[in-house]
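Worksheet: one structure, shown below.
The values are calculated or read from the model by the stated rules, or taken from the named source; none is laboratory data. As the structure is a computational prediction, the values presented were derived from the model and not from experiment. FYI the Cβ positions are ideal-geometry reconstructions off the backbone, even for glycines, and counts take in every protein chain you see. Heads up: the accessible areas ignore ligands, DNA and RNA and are worked out on the full protein's heavy atoms, side chains in. Shrake-Rupley method; radii C 1.70, N 1.55, O 1.52, S 1.80 Å.
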Protein chains: 2
Amino acid sequence: MSSDRMTRPQAPRPASMLDVARLAGVSGQTVSRVTNGSEAVAADTRERVLAAMRTLGYRPNSAARALKSGRFQSIGVLMFSLENFGPVHVLEGVSNAATARDYSLDLVTIGDPSTGEITKALERLDQERVDGIVIVLEAHQILEHAIRFPTRIPSILVDSQQYDDRVSVNADQAQGAELAVRHLLELGHPTVWHVSGPVHRMNAASDRQLAWRRLLEAEGRPVPPPVLGDWSAESGYRAGLRLARDPSVTAVFAANDQMALGLMRALHECGRRVPDEVSVVGFDDSPDAAYYWPPLTTVREDFRAVGALAIELLLEAIDGERHEPGLRALPNTLIVRDSTAPYR
Amino acid sequence: MSSDRMTRPQAPRPASMLDVARLAGVSGQTVSRVTNGSEAVAADTRERVLAAMRTLGYRPNSAARALKSGRFQSIGVLMFSLENFGPVHVLEGVSNAATARDYSLDLVTIGDPSTGEITKALERLDQERVDGIVIVLEAHQILEHAIRFPTRIPSILVDSQQYDDRVSVNADQAQGAELAVRHLLELGHPTVWHVSGPVHRMNAASDRQLAWRRLLEAEGRPVPPPVLGDWSAESGYRAGLRLARDPSVTAVFAANDQMALGLMRALHECGRRVPDEVSVVGFDDSPDAAYYWPPLTTVREDFRAVGALAIELLLEAIDGERHEPGLRALPNTLIVRDSTAPYR
DNA sequence: CCATTCGATGTTTACGTAAACAGTTCGCGT
DNA sequence: ACGCGAACTGTTTACGTAAACATCGAATGG
């Protein structure tokens, strides 16, 4: 292979538009026209150019193109970790939608969510190698770190929060939480306990908790103190150990599936049967939820749709369209499995 | 808002290097020198240039830079779905490593793994907006679809397979499977059953199955017929329903955590206690595995390290280094939890 | 039969940057 | 004072593409 290196004529720089033009006996502009599919180029000329392209293995130089046009055909995505199921699926939705529109994706993940890291990441993205940015962060992170949004190019948030001056997209947290709580109440449970996510001033966890509380109050039910978790199965487990001691607990709404998983493990350990003694509902419908023990009743978020909508709005913004600021909330579906049963 | 558009002076095009140069009263080249941190520029000149940059909000144009230098400071990543835990974590490792080296990531996911889609995706990446490509695919997918690897730029595979002419990186499947099986044998079980992943001619599933078989044979144990799954919890569940009927089954090695999850659900349903009657080991150490019921003994893969090594090797290749073809296999760790117990 | 139009193609130019090369100034040794 | 090199800065050029404008021939219409 080193001989390969020595005999080969020094990586013959890739063919340029002009190389193709010369071979095809036309001008560079005509090659450009063929490349961009547009314009009227005589059929035989086009054929000749295409043949030359094939011969030379020509590929348009995207850097030159971007330089000339000012467009990158690329979307930046800023994400926290890929630990949690939700954001990863949003990413998948975003990726599919972007690919469908012929945009590529520039992914930046933030290892350590410090102000410095986030700012640096946004700087990176803002350095004009992308046409727009999708930010998958929660509001509290944005507030705590005093994040300054890019100004040069459009950006959109995937977050359940309502912003005065920005467009955001997410699943409808309140509607989802209501589905869960209402389901349990309809099964006859006197009230519903809640294992909450890490509540900050504004985030999905607080939205879910608030909706849970509101619905119980509206129905005139007692509102038990919520148990605080941090989205992890481990925190759900700890919450479960506390709830399992209280025999009045017959229905629990966990703010996500992983906490529901930990919760059920604790209930099992304490000998409280699910769903016979305690009904459990989760949130997210992660792929494994159907195979928890017992299979988990949960609220399915349409992450793909969230990602797709984010891209759609962002591309419109890139094209100069102005959107009304505010949250676009997408509805969720209740998936009933075996972890919930009528109150006895 | 339309008035906004009309009054504003046409989105004053972003400041260029020359704008900065004019304001600072220097040449463009000096600005370039300051930007690139290199060279000897007099301290006061540098200050003046930096001040001008701040005033104008100057950002180097990455397209122009890429055009001039022929480098993109960007790595392409080709992935199948983001459904499975493993690949997503590899992506995270890749992302972290790339960021640390000041490379950005161009992510392409393949919705439908048809030949056309894969080829199209590789074309996209090969269109020279990246300096190198990380391909996260399994060998059988590559073979079945007769994938042609990019030739213009270096690429590296994340896959457990040994290729004659390419460099690949992955966790050591055989070593991991041996950890699992040996653990069960050391607990005194007469033999170990296996719920396999979707075996193709060459992939992680077949590697794990082969290692399982080899070790049993080496130890002179009977080799029960492996039960075929497809990585999903659902397939583990179906496998479990079959294994649960057979009282001679006391130890099962599932080829991933999700199948172990489904397996344990089936065992529960059939009244076979884990680990008292049946011990179960998984593979991957997904975040939830510690909170399965019971907590799952499993093999932890260091996905981050895999991603990091892939980036390291790829960057070296970009810098012109030639690597010996072959597989770099990274060792795994056995995590013992409550789903395994001594044979009684 | 010439003017007009239009389709097809070519020429020029600019995008923003950085390498290569070309000064210019200054201090120092002689 | 002179020459010399080091330190600093400027000028020219090329990267590959596509918009704007220019040209040319042929077809159309009166």
Mind checking which lysines have their Cα closer than 30 Å to the Cα of A:Lys120? Skip sequence neighbours fewer than 8 apart in that chain. A:Lys68, B:Lys68
Which value, in square angstrom to the nearest 100, describes the accessible area buried between chains B and A on both sides, using a 1.4 angstrom probe? 5400
Relative to 2.2 N^0.38 Å, what does the C-alpha radius of gyration of the protein assembly as shown come to as a ratio? Two decimals please. 1.07
Simple SL model, points at 7 angstrom along Cα→Cβ for B:Arg22 and B:Gln73; separation in nm is 2.6
Label points 7 Å out from Cα along the Cβ direction at A:Asp112 and B:Arg54: separation in nm? 2.6
Kindly list the residues of the range B:287-329 that lie in the label zone of B:Asp164, defined by a backbone N under 17 Å from the point 7 Å along the Cα-to-C-beta vector. B:324-327
Local electrostatic count, A:Ala204, Cβ distance below 9 Å [Lys/Arg +1, Asp/Glu -1]: -2
Per residue accessible area of the protein assembly as shown, 1.4 Å probe, in Å²: 43
Can you pull the accessible area of A:Thr119 for me, 1.4 Å probe, Å² to the nearest 10? 60
So what are the three principal axis dimensions of chain A from its Cα atoms, in whole Å, longest to shortest? 86, 49, 41
Relative to chain A, whose Cα atoms define the longest principal axis, helix A:173-186 and its Cα axis are tilted in degrees, nearest 10, by 30
Percentage relative contact order, the range B:262-319, counting C-alpha pairs under 8 Å, at least six apart: 24
May I ask for the longest run of chain A untouched by GluC sites (Glu not before Pro) that are loop-located per DSSP and have at most 16 neighbouring C-beta atoms (other than their own) within 10 Å? A:84-218
Inter-centroid distance (Cα atoms) of the range B:12-61 relative to the range A:103-145, Å: 26
For the range A:163-300, the dipole about the Cα centre with charges only on Cβ (Lys and Arg +1, Asp and Glu -1), to the nearest 20 debye, works out at 340
Given that compact globular proteins tend to follow 2.2 N^0.38 Å, what is the ratio of the alpha-carbon Rg of the range A:173-302 to that value? 0.92
Report the net charge of residues surrounding A:Ala305, where surrounding means a beta-carbon distance below 12 angstrom and charges are Lys +1, Arg +1, Asp -1, Glu -1. -2
Carbon and sulfur atoms: what percent of the 1.4 Å accessible area of the range B:173-301 do they account for? 51
Classify the range B:86-147 as rounded, prolate or oblate from the Cα gyration tensor: take a ≥ b ≥ c as the square roots of its eigenvalues, call it rounded if a/c is under 1.5, otherwise prolate when a/b beats b/c and oblate if not. oblate
Within 10 Å of each Cβ in peptide B:256-263, how many partner chain Cβ atoms are there on average? Round it to a whole number, please. 2
Relative contact order of the range B:173-301 (C-alpha contacts under 8 Å, at least 6 apart) in percent is 24
Under a Cβ-Cβ cut-off of 11 Å, what is the net charge of the residues other than A:Ser160 that fall near it, where Lys and Arg count +1 and Asp and Glu count -1? -3
